[in-house]
Amino acid sequence: MSERILVIKLSALGDFIQATGPMKAIRAAHPDAHITLLTTRPFVGMGEATGWFDAVWSDGRPDWGDLPAVAALIRRLRSARFDRVYDLQTQGRTNRYFQLLWPRRPLWSGNAPGAAFRYAGAARRRLHVQDSQREQLRIAGIAEVGPPDIGWMTGDADRLGLKEPWALLAPGGAAHRPAKRWPAERFGTLAAALAGQGITPAVLGHGEDEAGLAATILGRAPGAVSLVGRTSFGDIAALARGAVMAVGNDTGPMHIAVAAGAPAVVLFSADSNPDRSAPRPIRPDQAVTILRETDLGDLAVEPVVAAALALGSR
């Protein structure tokens, strides 16, 4: 019987993209194993599209108040009889899963107390997530872990009809974390500057909230184009592969754009730490600039425009 392995990565979009390097490395280290991904519903399609998993489970985050659902997940984990688990979520939730699998716990890679391949402590919490997961897998016996890999993420950029060259703008982000957003009016000024250089600004987003951001930007830059609600994650990757740059907040689409190879300017506030979570270049010649202000309302337009135009002139 082939080895049975579980990989845990529940969310969020940027974190999932960052974990694709470790996911690919796990498959390469266990080419003949039956590997299952435990995730949540929004990431099932992505997990299947990678080609690295034999099964993808969507029930990885039951509400702790829903005891029947929690019990059902633990029963499912027990009955699968996994030989090894790579916990790439490494949160209190997944540590609890490990504890609930007593007394027949699989070999576990993560930060759970008692794990066979435990990687925990202050040093782990100071590292960038990619470095942390690389060290986690090294402890578990996997020495080669590459950068994020979304070569499997494909879409149709041509159907959107953008005039070349184009730049992607990502002014949105999680609605419950508004501190991670640079003001839309300043994105509008940036878009106007790009349009003045003959670059088509294409605004990404979804939902009514981000449609409003796009309207603000287009009001200041008539040459910009709104793609809000018109792109899948695969389309964003395809657009990024042809873009002269991407500029945006610390949000999932920017992680896709950088992992697809686009030069980028990524904007951070005190709400997230670029030392731990910023998207990184996937190749040496890819320029990725990180700009940070404690409050993004204090980040002026000029340094963002300068950084973006520097990318456009490369």
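Just so you know, all these numbers are worked out from the coordinates, no wet-lab data involved. Predicted model only: the values in this text are computed from it and were never measured. All Cβ positions, glycine included, derive from the backbone under ideal geometry; neighbour counts span all protein chains shown.
Laid out as a table, the results:
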quantity	calculated
Total charge dipole magnitude, segment 101-162, about the Cα centre, Cβ charges on Lys, Arg, Asp, Glu only, Debye to nearest 20	560
Gain upon complete extension [Met1, Ile74; 0.36 nm per residue less C-alpha separation]	24.0 nm
Fewest-first sequence of His30, His176, His255, His206 by Cβ atoms within 10 Å of each Cβ	His176, His206, His30, His255
Residues whose placed amide H lies under 5 Å from that of Leu38, excluding near-sequence neighbours	Val7, Ile8, Lys9, Trp57
Charge dipole (debye, nearest 20) of the chain; +1 at Cβ of Lys and Arg, -1 at Cβ of Asp and Glu	1080
For Rg and Dmax of the Cα atoms in Å, calculated from these coordinates, the label among [x] 20.6, 59; [y] 20.6, 65; [z] 18.6, 55	[y]
Relative contact order for the chain, counting Cα pairs under 8 Å that sit 6 or more residues apart, in percent	15
Three-way shape call for segment 4-139 based on the alpha-carbon gyration tensor, with the a/c threshold at 1.5	rounded
Extension gain from His206 to Lys163, taking 0.36 nm per residue of separation minus the Cα-Cα distance	13.3 nm
Highest-fluctuation residue, Tyr97, Tyr86, Tyr119 considered, GNM on the chain with Cα pairs under 10 Å	Tyr97
Cα lying deepest toward the dipole's positive end in segment 158-312, options Gly196, Pro253, Ile290, charges on Cβ	Pro253
Under Karplus coefficients 6.51, -1.76 and 1.60, residue-wise ³J(HN,Hα) of segment 109-123 in Hz, glycine/proline x	9, x, 10, 5, x, x, 5, 4, 10, 7, 10, 9, x, 5, 4
Arg93, Arg27, Arg186 arranged by Cβ crowding within 10 Å, fewest neighbours leading	Arg93, Arg27, Arg186
Estimated 222 nm signal from helices in the chain, with DSSP H stretches of n ≥ 4 weighted -39500 (n - 2.57), rounded to 500	-11500 deg cm²/dmol
Residues whose placed amide H lies under 5 Å from that of Ala264, excluding near-sequence neighbours	Ala246, Ala287, Val288, Thr289
Long-range amide H partners of Trp108 with built H, under 5 Å	Val85, Ala116, Phe117
